[in-house]
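First up is the structure itself, then whatever we jot down about it.
Just so it is clear, none of the values below were taken in a lab; they were calculated from the coordinates. What you are looking at is a predicted structure, and each value in this text was computed from that prediction instead of being measured. As a convention, Cβ positions derive from the backbone with ideal geometry for all residues, glycine included, and neighbour counts pool all protein chains shown.
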Amino acid sequence: MPVVEGLSFGYRLYELPPGRLPFRRWRWELWHGAKLEAAGWRLSQRDATRALRQHGSRVGHRLFGLKPPAEDARGEVFTPGAAVRVRHGAVAFALTPVALDAPVPISV
């Protein structure tokens, strides 16, 4: 099966500061250039990295007019700040960190 390559997404992944909730949370953001494609939070770093890969795959397939495959539960946890290559279905893409400095807390 041919694979579309050359696609790159920026990401931010960091642990949210403690707040009203009694558990740890990880914030993730997926960027394509200056456009925020997806964002959210998960309870573990592993789940947050999985969400980045899954949303990157969905956006990549959508950009090329392809149907994304079923979600893949595989995938390794990567350290925030690392560049990662992902191949899922007919799309291969890179996840590169947007900023390596400290995250700006979101105020509600």
Taking the highest mean first, how do the peptides 19-31, 47-59 order by number of other beta carbon atoms within 10 angstrom per residue? 47-59, 19-31
Regarding segment 4-97, what whole-number volume in Å³ per residue does the convex hull of its Cα atoms give? 97 Å³
For residue 16, what charge total do you get from the other residues with a beta carbon under 13 Å from its beta carbon, if Lys and Arg give +1 and Asp and Glu give -1? +4
Can you check what the net charge comes to around residue 40, using other residues whose Cβ is under 12 Å from the Cβ of residue 40 (Lys, Arg +1; Asp, Glu -1)? +2
Between residue 24 and residue 94, with labels modelled 7 Å along Cα→Cβ, what's the label distance in nm to one decimal, could you check? 2.9 nm
